[in-house]
Amino acid sequence: MRKFMAFGDVHADFDTLWSALRAASCADAQCLPTAPVLAGLFQVVLIGDLVHPKSERDYARLTGLPRFHSADPDHLFLAARAQVIQLERLRTYQQAAPHAVHIILGNHDDAVLSGGYVLGTGGGLSHLEFDPQHGGVLLPAHLRAWMEGFPREVRVGAVQFAHVSPLPAHAHYDDLFYGDPSTKRWFRETPQYVEMAGLHFGVYGHTQVEGGILLDADHRFAMIDALHDREYLELMLADDAAPTSDAALQGVRAVPF
């Protein structure tokens, strides 16, 4: 039996992430893996989108500025530097237990790596801190190489962890992805996708749901972009079950911290 702890989109809110990891007994005071993580008894899954704060206020909090301006290269440098420091810390954490710490590639992470898309918020804020063509800076090469190794999904038997949905098309962040409204609506309009994919349970992020983690017991999935609501997902999986067995999933719950 292994316990999986899944954490929603970070969006540069690393203080909350570390609080969640410590609350789940997955990280110690030095931001290093605990004994159960090192032993593989606890499995950590980050569902993606490590970078890019969600709002101007979050950028100001990250940089220590009274107000953040995305058109100011100095502000962009401060935002990039603050994220790089935390990405370094997370990289150290993950590399200390690569068998037990899994980080999925989110679309914001992919945008930093590819440089092909300028992402933003509904309020008109653009994420430019890692875009040299718009006044930002390049992500350091060793962090880029680390992030390029992130998988687009993690599967444990018939349980899937992915950033957006069970659809393979939603794991490739191209023009079709950004033009497809179903990436934000599928779990309400077509929740049967999980069953159609042959999954017993799915864990996804990308879309905030009001009220914290959404657990859909009927369609067997969870939407966990709820780090800001101070919740993570806990699953118990049996090691001895067949890969497609329903018995592999012993329990699932949202955990406040």
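Couple of notes before you dig in:
- Using only alpha carbons, region 55-143 has a radius of gyration to Kirkwood radius ratio (Rg to Rh) of 0.99.
- Working note: Debye formula, equal point scatterers on the alpha-carbon atoms of region 1-105, no solvent; log10 I(q)/I(0) at q = 0.19, 0.20, 0.23 Å⁻¹ is -0.89, -0.96, -1.17.
- Gyration tensor (alpha-carbon) shape descriptor, region 31-182, a/c threshold 1.5: oblate
- Chain lengthening between HIS142 and ARG57 when straightened (0.36 nm per residue, less Cα-Cα): 27.7 nm
- Converting phi to 3J(HN,Hα) with the Karplus coefficients 6.51, -1.76 and 1.60 and the offset θ = phi - 60°, region 12-25 yields 6, 8, 6, 4, 5, 4, 5, 4, 5, 5, 5, 4, 7, 6 Hz in sequence order, with x at every glycine or proline.
- Here the chain carries DSSP beta bridges of which approximately 60% are antiparallel, counting only pairs with both residues inside.
- Per residue, the average separation of C-alpha pairs within less than 8 Å and at least 6 apart gives the chain a relative contact order of 22 percent.
- Computed about the Cα centre, the dipole magnitude for region 132-215 is approximately 160 debye when only Lys and Arg (+1) and Asp and Glu (-1) carry charge, each at its Cβ.
- Around MET236: net Lys/Arg minus Asp/Glu count, Cβ-Cβ under 10 Å: +2
- Placing +1 on the Cβ of every Lys and Arg and -1 on the Cβ of every Asp and Glu, with no other charges, gives the chain a dipole of roughly 460 debye about its Cα centre.
- Taking amide H positions as modeled 1.01 Å from N, with prolines and chain starts lacking one, the residues under 5 Å from LEU249 and 5 or more places away or on another chain are ALA238.
- Trypsin sites (Lys or Arg not before Pro) restricted to DSSP loop in region 1-77 with at most 16 other C-beta within 10 Å: ARG67
- Label-point gap, in nm, between ASP239 and SER182 - each point 7 angstrom along Cα→Cβ: 3.9
- Global form of region 113-156, assessed from the alpha-carbon gyration tensor, a/c cut-off 1.5: oblate
- Amide H to amide H distances under 5 Å link VAL156 with PHE161, where only residues 5 or more positions off or on other chains count and H is placed in the peptide plane.
- Electrostatic bookkeeping for PHE150 treats Lys and Arg as +1 and Asp and Glu as -1; over the other residues with beta carbon under 14 Å from its beta carbon, the sum is -3.
- In a simple Cβ point-charge model (Lys, Arg +1; Asp, Glu -1; nothing else charged), region 1-122 has a dipole of about 360 debye relative to its Cα centre.
- Against the main long axis of the alpha-carbon atoms of the chain, helix 73-96 sits at an angle near 30°.
- Accessible area per residue, Å², the chain with all protein chains present, probe 1.4 Å: 44
- Per-residue ³J(HN,Hα) for region 175-186, Karplus 6.51 cos²θ - 1.76 cosθ + 1.60, θ = phi - 60°, Hz, x for Gly and Pro: 4, 5, 4, 6, x, 9, x, 5, 4, 9, 10, 3
- Region 147-201-region 1-73 distance, computed between alpha-carbon centres (Å): 22
- Over region 50-171, relative contact order from alpha-carbon pairs under 8 Å, at least 6 apart, %: 25
- Think of region 1-124 as having a plus end and a minus end, set by charges on the Cβ of Lys, Arg, Asp and Glu; of GLY64, PHE14, VAL118, PHE14 sits farthest toward the positive end of this dipole.
- Residues whose amide H lies under 5 Å from that of PHE130, counting only those 5 or more places away or on a different chain, are VAL137; hydrogens are built 1.01 Å from N in the peptide plane.
The values are calculated or read from the model by the stated rules, or taken from the named source; none is laboratory data. As the structure is a prediction and not an experimental result, all values here were calculated from the model. Cβ: placed from backbone, ideal geometry, glycine included. Neighbour counts: every protein chain shown. Side chains included, ligands, DNA and RNA excluded: accessible areas come from the protein's heavy atoms. Shrake-Rupley method; radii C 1.70, N 1.55, O 1.52, S 1.80 Å.
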